[in-house]
Amino acid sequence: MNEQKPIVYICTNLRSPSSPKPSCARRGSEKFLEIFKRELKAHGCEDALDVENSGCLGACEDGATVMFFEEQIWYGNVQESDIPRIVKEHVKEGKPVQELFIKRLMTRRKTL
Ligand code: FES
């Protein structure tokens, strides 16, 4: 049986330097997928999630943006150095990293 795993989206949208809007790829997100997968493997969690690059998630001003779809958890201003912490604390230990939340997008969640 092919079980559907929870999915994490990493925005890798790239806008022109002349665009008035920021974009996550300009903030380094194109490296995140590889780092995320490496960290999942390091923690023995590689089968826990599917991680995919995505287009714009609509949170450009808060990028780089990483979104745990099923949980509706949005991480913003994510740096490369935050990925190991997100994997360890959120994925492995089940404790989302609240200080990286995009709080304005977390309103649909009933509990944290
Ligand atoms: S460019 Fe990443 S959320 Fe819009």
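Summary table below
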quantity	calculated
Rounded to 10°, Cα long-axis angle of helix 32-42 versus longest principal axis of the chain	20 degrees
Value of relative contact order over the chain, rounded to a whole percent, pairs C-alpha under 8 Å and six or more apart	29 percent
Cβ-based net charge around Ala25, under 10 Å, with every Lys or Arg adding one and every Asp or Glu removing one	+3
Low-density loop cleavage sites - trypsin sites (Lys or Arg not before Pro) in the range 1-104, where at most 16 other Cβ are within 10 Å (DSSP)	Arg15
Rounded D (µm²/s) - the range 7-105, Kirkwood Rh over Cα pairs, Stokes-Einstein at 20 °C, 1.002 mPa s	161 µm²/s
Charge tally in the Cβ shell below 13 Å around Phe36, where Lys, Arg are +1 and Asp, Glu are -1, Phe36 excluded	-1
Evaluated over the range 48-105, the Cα radius of gyration and Dmax, each in Å	10.8, 29
Residues of the chain: accessible area per residue with a 1.4 Å probe, Å²	60 Å²
Residues listed by number, the range 42-68, amide nitrogen under 18 Å from Ser19 label point at 7 Å toward C-beta	53-67
Net charge, Ala59 excluded, C-beta distance under 12 Å - Lys, Arg +1, Asp, Glu -1	+2
DSSP beta bridges in the chain [antiparallel fraction, %, rounded to 5]	60 percent
Value at 222 nm in deg cm²/dmol, rounded to 500, when DSSP H runs of n ≥ 4 in the chain each add -39,500 (n - 2.57)	-3000 deg cm²/dmol
Full-extension gain in nm, Leu33 to Glu71, via 0.36 nm per residue minus C-alpha separation	11.8 nm
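The values are calculated or read from the model by the stated rules, or taken from the named source; none is laboratory data. Every value quoted in this text rests on a predicted model; they were computed, and no experiment measured them. Methodologically, a virtual Cβ is constructed for each residue, glycine included, from the backbone with ideal geometry; neighbour enumeration extends over all protein chains shown. What goes into the accessible areas is simple: the full protein's heavy atoms, side chains included, and nothing from ligands, DNA or RNA. Shrake-Rupley method; radii C 1.70, N 1.55, O 1.52, S 1.80 Å.
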